[in-house]
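Before any comments, here is the structure.
What follows is calculated from the coordinates using simple rules that are stated; it is not laboratory data. The shown structure was predicted, so the numbers you read here are calculated from the model rather than taken from an experiment. We place every Cβ from the backbone using ideal geometry, glycine too, and count neighbours over all the protein chains shown.
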Amino acid sequence: MIAALAPALLLAGYVGSEVCRSCHPDVWVHFFRNPHFKSIASGREPPERTGCEGCHGPGAEHVRARGGKENIRAFSLLEPEQTIGACLACHAREISRAAIRRSSHTMADIACTSCHSIHHSPVPQALLARRQTDLCYECHAEVRAQFSLPSKHRVNEGTVKCTDCHNPHGAQAPTWRMGLRPRMIEVAQANEQPCLRCHTDKRGPFAFEHAAVRVDGCEACHAPHGSMNARLLRRPAVFTLCLECHNGAGDFGRQGDGVRLTSGSHNMADPRYHNCTGCHLRIHGSNSSPLFLR
Ligand code: HEC
Ligand code: HEC
Ligand code: HEC
Ligand code: HEC
Ligand code: HEC
Ligand code: HEC
Ligand code: HEC
Ligand code: HEC
Ligand code: HEC
Ligand code: HEC
């Protein structure tokens, strides 16, 4: 088998994937279903991008020695950073180097192989080491409880996925919330909040925007995972949420005099005025009322 290869390849130390079969039958037997098999099937890739050696590097020395870990790229011996580098040699198109480098996963030494299993993936999508929600919960147990609260996105039921909102490979810096606390939030088209991909009616553009929605972001008022309160709201009583900003403090706002206080007509002793969104119906933005009344 080795003898059949062109001398130039042998010089570089590449022997081709067939050679690995005899000693690693357990890996080979499933490999034809692996998306990485395409490089073998096509026969068009250069040796350093084909099959086993595309990831494990040239195998001649390893084969000559009839095994060993030091003479081949064994991922079990690599630092997280080296693993990321090896995979990004081919995947830098889907995964931005800049984003993954500063993601909290990379900073916490989480590498590709913490989430992907090249040879033993039990699921059909993306060679994940486990079903997506189980995978994420394994390290983020506290998040599971949030998705069991009375008001929630149905992630445990499979309607919504973590990756609908997050990019585990790191995300671009968002434009809302002044880019603070990005939390690997996936940025949708046009640098928007991912929420708008599904809640398209909140996208606008509205003639009258509520600055809170676009500038502060949806999380200013909603707990994205789950909440004890209806509509995923951060506070049990809507008016307390509104008054956190509408308190006249700061120098923000149209007149530079702070976020507007409710006007004198609003009698907070009258329970009628506690239901702010009973009158300010179009709280996410309106095309006909600057005060979002219709
Ligand atoms: C896409 C990159 C990639 C390709 C292609 C690849 N491997 Fe691997 N291989 C890995 C990674 C990553 C690991 C480490 C396993 C882990 O941490 O989950 C691994 C582990 C192994 C192991 C250790 C035992 C095991 O089951 O984990 C052997 C042996 C192995 N690979 C052989 C091969 C052979 C033979 C081929 C070709 C048929 C091949 N690999 C193709 C990435 C690859
Ligand atoms: C003659 C038998 C033989 C052949 C051929 C062979 N290997 Fe191995 N390989 C072994 C043995 C034995 C080990 C275990 C070494 C150890 O545990 O110290 C091993 C270990 C490995 C490992 C390290 C797994 C780990 O624990 O991280 C990788 C990767 C690997 N082989 C890939 C390949 C690839 C790719 C080829 C084809 C180019 C190949 N092997 C061909 C015998 C072979
Ligand atoms: C030699 C180039 C190469 C290297 C190195 C490589 N890959 Fe791939 N990978 C590919 C190609 C090509 C595909 C198939 C893309 C397609 O289906 O069109 C692929 C597919 C995948 C997929 C499946 C994508 C899907 O949509 O299902 C995952 C996950 C993946 N690679 C992860 C990795 C990881 C993790 C590593 C490092 C251990 C790695 N790859 C190393 C070339 C490579
Ligand atoms: C924290 C977990 C995690 C880490 C770390 C991780 N991935 Fe992923 N990756 C995922 C998940 C989850 C998906 C599936 C996304 C989906 O279903 O939308 C995915 C999808 C992919 C895909 C399919 C194409 C795509 O972009 O959706 C490729 C290729 C891939 N990952 C490669 C890599 C490589 C290479 C690394 C390391 C540089 C890596 N991943 C690190 C969790 C991870
Ligand atoms: C192997 C463990 C592990 C897995 C698996 C994992 N994470 Fe993480 N994740 C971490 C660690 C460690 C951090 C950084 C420390 C922290 O902030 O909790 C982190 C941070 C995060 C953050 C950012 C937190 C912040 O404050 O910036 C998000 C979002 C996140 N992970 C989502 C996911 C998603 C979605 C998945 C599944 C696709 C996933 N993680 C899988 C370990 C993991
Ligand atoms: C509907 C969108 C959405 C879904 C689905 C989602 N997240 Fe989040 N997640 C967010 C947002 C937005 C934040 C930032 C919250 C903030 O900064 O107040 C966040 C924050 C986080 C954090 C940082 C810790 C914290 O509480 O601030 C982690 C970890 C996390 N998510 C993990 C996950 C995991 C794991 C899943 C799937 C089981 C998931 N998320 C599903 C939108 C989502
Ligand atoms: C993948 C699509 C998707 C994404 C992305 C998404 N949502 Fe949702 N959202 C839904 C679905 C579906 C429901 C309905 C929940 C149900 O029926 O259990 C929902 C429900 C809600 C509700 C509660 C509505 C009610 O009547 O109780 C709020 C509030 C909400 N989402 C806000 C957000 C925010 C904020 C984000 C971004 C952090 C977001 N959503 C991202 C699909 C999505
Ligand atoms: C200023 C606070 C605030 C912000 C910011 C905000 N919301 Fe809301 N949202 C509310 C309130 C209050 C309700 C409940 C309205 C009611 O009582 O009828 C609500 C209800 C909802 C509902 C369920 C009812 C409906 O109208 O469909 C969804 C879905 C929703 N919001 C999504 C979003 C999304 C997506 C964003 C970001 C683009 C966002 N919200 C930003 C305050 C806010
Ligand atoms: C995160 C902070 C924040 C929260 C929470 C918030 N708002 Fe606002 N709101 C603003 C800002 C900023 C403006 C723009 C003020 C300006 O331009 O002077 C605004 C404008 C308004 C206006 C238009 C006022 C005007 O003079 O143009 C109304 C009405 C309003 N908000 C009602 C509400 C209600 C009702 C709630 C609760 C459901 C609420 N807001 C929650 C920040 C917030
Ligand atoms: C009964 C209906 C109603 C309720 C309930 C209500 N508002 Fe208003 N709000 C109005 C009307 C009408 C105006 C415009 C006329 C005025 O200022 O009285 C207004 C004006 C405003 C303004 C703009 C003031 C200015 O000077 O530009 C803000 C801010 C505001 N409301 C916030 C709130 C908040 C916060 C709540 C809940 C605590 C609330 N509103 C409850 C009807 C209501």
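Based on the Cα gyration tensor of region 2-75, what are the three equivalent ellipsoid semi-axes, each the root of five times an eigenvalue, rounded to whole Å and given largest first?
Numbers: eigenvalues 62, 50, 24 Å².
The answer is 18, 16, 11 Å, longest axis first.
Relative to the Cα centre, what is the charge dipole magnitude of the chain, using +1 at the beta carbon of each Lys and Arg, -1 at the beta carbon of each Asp and Glu, and rounding to the nearest 20 debye? Display every interim value, and only then the final one.
Values: 34 positive and 26 negative charges, 126 e Å.
That gives a dipole near 600 debye.
Apply the Karplus parameterisation 6.51 cos²θ - 1.76 cosθ + 1.60, with θ equal to phi minus 60°, to every residue of region 214-226 and state each ³J(HN,Hα) to the nearest whole Hz, in sequence, with x for glycine and proline.
8, 7, 7, x, 4, 5, 4, 10, 10, 8, x, 7, x
Restricting to Cα pairs below 8 Å that are 6+ residues apart, what does the relative contact order work out to for the chain? Please round to a whole percent.
Dividing the mean separation by the residue count of the chain yields 10 percent.
Write down, largest first, the equivalent ellipsoid semi-axes of the chain in whole Å, where each equals the square root of 5 times an eigenvalue of the alpha-carbon gyration tensor. Before the final figure, lay out each step's value.
Working: eigenvalues 605, 69, 48 Å².
Equivalent ellipsoid semi-axes, largest first: 55, 19, 16 Å.
With unit charges on the beta carbon (Lys/Arg positive, Asp/Glu negative), name the residue among 208, 118, 159 whose Cα is farthest towards the positive pole of the charge dipole of the chain.
208
Give, as a single signed number, the net charge of other residues whose beta carbon lies under 11 Å from the beta carbon of residue 111, with Lys and Arg counted +1 and Asp and Glu -1.
-3
Straight-line reach from residue 161: which lysines fall under 23 Å, measuring Cα to Cα and dropping same-chain residues less than 8 apart?
152, 202
Using only Cα atoms, tell me the angle between helix 80-91 and the longest principal axis of the chain; keep it within 0 to 90° and round to the nearest 10.
90
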